[in-house]
Structures are given as C-alpha cells and as structure tokens.
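The numbers here are math on the coordinates, done by the rules we state, and not lab data. Since we're looking at a predicted model, the values are computed, not measured. Note that each Cβ is placed from the backbone with ideal geometry, even for glycine, and that neighbours are counted across all protein chains shown.
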Amino acid sequence: GAAALLAVAWGALVALLLVPIFAFKYLPPLQQFAADRGWADVFGLNPVTWALPLGISFFTFHAISYVVDVARRDLPPERSVRDYLLYLFLFPHQIAGPIVRYSEIRDELKGRRDVTLEQSVYGASRFAWGLAKKACIPCHGGVPALSPAEIHVMSRAIPTWMAHAIPT
C-alpha cells in the first residue's frame, strides 16, 4: 500500500544520495579492474580521471542521516532550504568529530543570534591568530613522507610563498 510505496521512495532517495560517492570513490577502481582484464576495450569504457571531492563520504552520510531521521519520523522535514544547507555544510561541526544529527542542532539554527561589534572583533582576531599560527609555525610531521626532491622543492617554495604573502 501507501506505506510500502513511501518506503521505496525513501530507499530511492538514499540510493540517489549514494550515486556521487559511488561515482567518485568506487567507479574508478572498478574501471581500472576492467581495464586490467581487457574488458574496457570490449565495452568501450573510458577511464574516469576526475579528482575526488574533499569530504564526499562525510557529506554523503551526513545527508543520509538526515533523510533516515525524517523517514523514521524522528523529526519533521525541514521547510527551509537555507537551514538544511546550513546544517549540511556547517563548518564547525565538520571538524568536531562524528556526524551531528539535525535534531541536535535544529534549535541553534532556528534561534536568533545578536552579533555585536565586540563579538565580531573577537572572532576576527581569533581567526587571524589561528591563520598566523598555521602559516608561520612549520609542520614537520609530513616531512618524513616526502622524497628528497619534494623536500628540496618545498624548501625553495615556502620562503617564496611567505615573501609574497607577508605585506611589506
């Protein structure tokens, strides 16, 4: 009946959300597998060479968690596209760890927030200080993974970059 049709529709939506992750993460290795066996010539497949978007798994599973919550009626569907996109792409929760459910931050997205000049100056200074630390304090953690040629190129490129980045 209607419930079965609705379940199929929700399943189709989840499948649709999985298309990008399949296309970007799993299709290239499958095409390489087919090419290694000579099957690509038979089917006339061209190899996929596009770059993997950053965070594709996070965004995909984040969107699926929202769809599942709505399908299970744990929360009502969001009527505001702006609030849904803000939830999906909200930067602070992306670096906080696991996927944050919409129901956990819905009230914060809907609430009114008054921003003062003092708060804006404080936020801008924190951002600038963090950016300065990121740009000026070298990260030696990645150096052992680099080849000697890459280290040589980086040792010449970083001072050049900093010379252009620092105003005179």
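Computed values, structure above
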item	result
C-alpha center-to-center spacing [segment 1-28, segment 50-64] in angstrom	15
Highest to lowest packing among 50-60, 16-26, 123-133, scored as the average C-beta count within 10 Å	16-26, 50-60, 123-133
Protection-proxy order for peptides 68-80, 1-13, each taking the mean of Cβ atoms within 10 Å per residue, highest first	68-80, 1-13
